[in-house]
């Protein structure tokens, strides 16, 4: 197939139509996932020679082991179904999203490998090559090696990365390290979930969503580290409320969120009002409702946007960092883990 033919195919194939969900909205629901992994958190492996610093206990963004007094090894993997129709953009988004788990731990990605599922009898291999090219370009921009990986013949296209990074054992960002009195900063606007769902349904394109999803969290993580932050997480499939709840629960505090301070992408609010809300977003809201005290002034549209399932979202940092809006604060534990409004 020539380059012209590849471009023509790429412009006519709607990848999102080959997926039952899209991006991080296709995650297993948070409550169901927690029941699935309950009891799997175990103490460090005897005789392993390396201390497990971050495991399964609190649902941190990646796992980490101490190699020596100055180096921790950080490991994560992340992959999902197409979130946009453009193969190259999907590859870029999936790679940025996978790298984000390392940044969310305060680390630096060093090496990644591809994870690819492809319906080879349905979609041309040239499109898969575009996905991989997108992943390569983003890892290069991050200064992270991308070498090889694993692929399978899959009825549904899937792509992502397994990423290894490094960080300092005493300066990792951990979700249980939040303390009352710290502000909460959010480094990217919300709304990519509903815009992606509209894109999947109607074919409308939203460049502002693609730009947000392909922006690396590297600079935000560096700014957080420079400000002395020790508690952070990235906002992805469980939405701002879901990830704030996990952070507050793990840290033994309550997170107060000010909806008026939360930034949104252009068109996000209108898209919710038009009904383009994914099932994943609604499940997120159902999961946090029992643990959340909403002010009567917080509308259902606000609640859905705050629970919107993000793909390659920003960092939620316990601390104030330059250029990021403060969207709330951590306070001593109350009767609810989240207070909104």
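Bear in mind that the values in this text are calculations on the coordinates, not laboratory data. Fair warning: this is a prediction, and the values are worked out from it, not measured in the lab. When we count neighbours, we look across all protein chains shown, and the Cβ atoms used for this are built from the backbone with ideal geometry, even at glycine.
Between residue 110 and residue 180, the distance separating the two model label sites (each 7 Å from Cα on the Cα→Cβ line) works out to 4.0 nm.
When the Gaussian network model of the chain links Cα atoms closer than 10 Å, the mean-square fluctuations of 324, 261, 212 top out at 261.
Computed from the C-beta positions of residue 32 and residue 171, the FRET efficiency with R₀ = 35 Å rounds to 0.55.
Using a simple spin-label model with pseudo-atoms 7 Å out from Cα toward Cβ, residue 68 and residue 122 lie 4.9 nm apart. Between the labelled values (i) 15.9; (ii) 17.2; (iii) 27.7, the entry that holds mean projected area of the Cα convex hull in nm² as derived from this structure is (ii).
Each Cα pair under 8 Å and six or more residues apart adds its separation to the average, and for the chain the resulting relative contact order is 23 percent. Take the chain, connect every pair of alpha-carbon atoms lying under 10 Å apart with a spring to form a Gaussian network, then pick out the residue of 85, 153, 286 with the largest mean-square fluctuation. Of the options given, 153 has the highest mean-square fluctuation. Using a Gaussian network model of the chain in which every pair of alpha carbons under 10 angstrom is joined by a spring, one finds that among 314, 178, 148 the greatest mean-square fluctuation is at 148.
Note on residue 297 and residue 226: the model spin-label points, each 7 Å out from Cα along the C-beta direction, lie 3.5 nm apart. Just check segment 175-340 against the gyration tensor rule for me: Cα atoms, a ≥ b ≥ c as the square roots of the eigenvalues, rounded for a/c under 1.5, and otherwise prolate or oblate depending on whether a/b exceeds b/c. Oblate, since a/c reaches 1.5 and b/c is not below a/b. Annotation: extensible slack from residue 211 through residue 260 equals 15.3 nm (criterion: 0.36 nm per residue apart, minus Cα-Cα distance). Shown here are the Rg and Dmax of the Cα trace of segment 136-256, at 17.2, 50 Å.
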